[in-house]
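Okay, so here's the structure we're looking at.
The values are calculated or read from the model by the stated rules, or taken from the named source; none is laboratory data. Remember, it's a predicted structure, so these values are computed and weren't measured experimentally. As a convention, Cβ positions derive from the backbone with ideal geometry for all residues, glycine included, and neighbour counts pool all protein chains shown. Quick note on the areas: whole protein, heavy atoms, side chains included, nothing else; ligands and nucleic acids left out. Shrake-Rupley method; radii C 1.70, N 1.55, O 1.52, S 1.80 Å.
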Amino acid sequence: MVHMPKLRVLILVFLKPALYPHEKKVALIILLCSPILFIIGASFAFFVVIPKAWAFFIGFEQHNNITDLILEAKISEYVNLISEIIIAFGIAFELPIILLILILIKVISRESLIKKRRLAIVINFIIAAILTPPDVMSQFALAIPLIVLYEISIFTSKFIVGNQNAESKMDS
């Protein structure tokens, strides 16, 4: 099995001869930032969202004289839920990379991202509702970073696409 940093280097070495100088810079940025963003998303889920979600689930326990309602989670269900949340947040935090790639291959433009900002906010909340446990706190904990990452994507695309356009004019 190939170690992940070695895999990124192998991909870059494989692609390097076919890329222009400005494309090499973008490929390096993408290959370096994608695991960092995934780790940030997974860490955010593990240290912020999961404790809040677990507190929400524990809040359903009731101890009274008539009946006791006690949470008895199986370890396999707990591990499955935790790993699903961590992976979902890690993938969701890849949003800037995905948008940057879509902008670079001209599927979308920076201007369309700016125009569709309201729609993106609604879609981010829908995605957050699907990916998180059924409490509002975790939904907001995913939706707000997604919106911030969307704005970061717009901001960074200005520099990367602007530099790419300037360098491609110099190449021709």
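In table form, for the structure just shown:
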{"quantity": "Checking PRO133 against (1) surrounded by 14 or more Cβ atoms within 10 Å (Cβ to Cβ); (2) without any contact (Cβ under 8 Å) to a residue 60 or more places away in the chain; (3) not in a helix (DSSP H, G or I), the condition it does not meet", "calculated": "(2)"}
{"quantity": "Filtered residues of segment 3-47 (kept if of a type in the set (Ser, Thr, Tyr) and not in a helix (DSSP H, G or I))", "calculated": "TYR20"}
{"quantity": "Residue identified as open to solvent by 60 Å² or more (accessible area, probe 1.4 Å) and closer than 25 Å to LEU81 by Cα among ILE121, ILE114, ILE101, ILE127", "calculated": "ILE127"}
{"quantity": "Search result, residues across segment 33-60 that are open to solvent by 90 Å² or more (accessible area, probe 1.4 Å) and either of a type in the set (Val, Ile, Thr) or touching a helix residue (DSSP H, G or I) at 6+ places or on another chain (Cβ under 9 Å) (or both)", "calculated": "ILE36, ILE39, PHE46, LYS52"}
{"quantity": "Contacts under 6 angstrom Cβ, first residue in segment 103-130 being within 18 Å of ALA92 (Cα to Cα) and at pLDDT 90 or above, partner open to solvent by 50 Å² or more (accessible area, probe 1.4 Å) and of a type outside the set (Asp, Glu), 6 or more apart", "calculated": "none"}
{"quantity": "Cβ pairs under 9 Å, 6+ apart, first in segment 23-51 and at pLDDT below 95, second exposed (fewer than 15 other Cβ atoms within 10 Å of the Cβ) and polar (S, T, N, Q)", "calculated": "LYS25/ASN163; VAL26/ASN163"}
